[in-house]
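To start, the structure itself, in structure tokens.
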Amino acid sequence: MSTSGYTQKTVDVGDRKFFIHLLTFDNGNFVSISEGKQKIGSMVVSIGSGPMATTATVIRAKTDSLFLKLTAEKISTSIRGIAVVSLYAERELGNEAAKILIGDIMEMVQS
């Protein structure tokens, strides 16, 4: 990764609206996903420098902890760096929303 920058995207999933903010650094990314209001929520950090990602929870999630962990690990291993992912959701994501969000986030990270 050689450029730093900021990208944002709004994703509509059914009747729900999510804001994705991506801050890109030379050694990693910060991703904020928020539903409705733009807030910082549960947070996970993952480092993908070895054969497997090392992940730690910074702010524990009431729901969707697996989504946070998988998203952070997928980003950190694809960029071979650090991924900090925050999620604020008004209710549990569900499978469809999670798949759409991960797809859009990975598209943002890889472009």
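The values are calculated or read from the model by the stated rules, or taken from the named source; none is laboratory data. Computed from a predicted model, the values in this text were never measured in an experiment. Don't worry about glycine lacking a Cβ; one is built from the backbone with ideal geometry, like all the others, and counts go over all protein chains shown.
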| task | Taking only the range 44-66 into account, find how many residues are within 15 Å of E90 (Cα to Cα), surrounded by 14 or more Cβ atoms within 10 Å (Cβ to Cβ) and of a type outside the set (S, T, N, Q). | result | 2
| Number of the exception - I47 against (1) over 15 Å from S111 (Cβ atoms); (2) in contact with a Phe, Trp or Tyr (Cβ under 7 Å, 6 or more places away or on another chain); (3) of a type outside the set (S, T, Y) | (2)
| request: Considering each of E96, E73 in turn, give the residue that is surrounded by fewer than 18 Cβ atoms within 10 Å (Cβ to Cβ), in contact (Cβ under 8 Å) with a residue 24 or more places away in the chain and of a type outside the set (G, A, S). | output: E96
| said: Looking for something among the acidic types (D, E) and more than 20 Å from I40 (Cα to Cα) - is there at least one such residue anywhere in the range 64-81? | reply: no
| task | Select from the range 5-23 the residues that are touching a residue at least 24 places away in the same chain (Cβ under 8 Å) and out of contact with any Asp or Glu (no Cβ under 8 Å at 6 or more places or on another chain) and write down the one among them that is surrounded by the most Cβ atoms within 10 Å (Cβ to Cβ). | result | L22
| query | Do the conditions hold for E35, that is, is it of a type in the set (D, E, K, R), farther than 18 Å from E107 by Cβ and at pLDDT 95 or above? | reply | yes
| task | Check whether at least one residue in the range 16-29 is among the β-branched types (V, I, T), under 22 Å from G5 (Cβ atoms) and out of contact with any Gly (no Cβ under 8 Å at 6 or more places or on another chain), and report yes or no. | result | yes
| request: Only residues that are exposed (fewer than 14 other Cβ atoms within 10 Å of the Cβ) and in contact with a Gly (Cβ under 7 Å, 6 or more places away or on another chain): list them for the range 81-93, please. | output: E90
| Taking the range 1-43, which residues are within 22 Å of L93 (Cβ to Cβ) and among the hydroxyl-bearing types (S, T, Y)? | T7, T10, S32, S34, S42
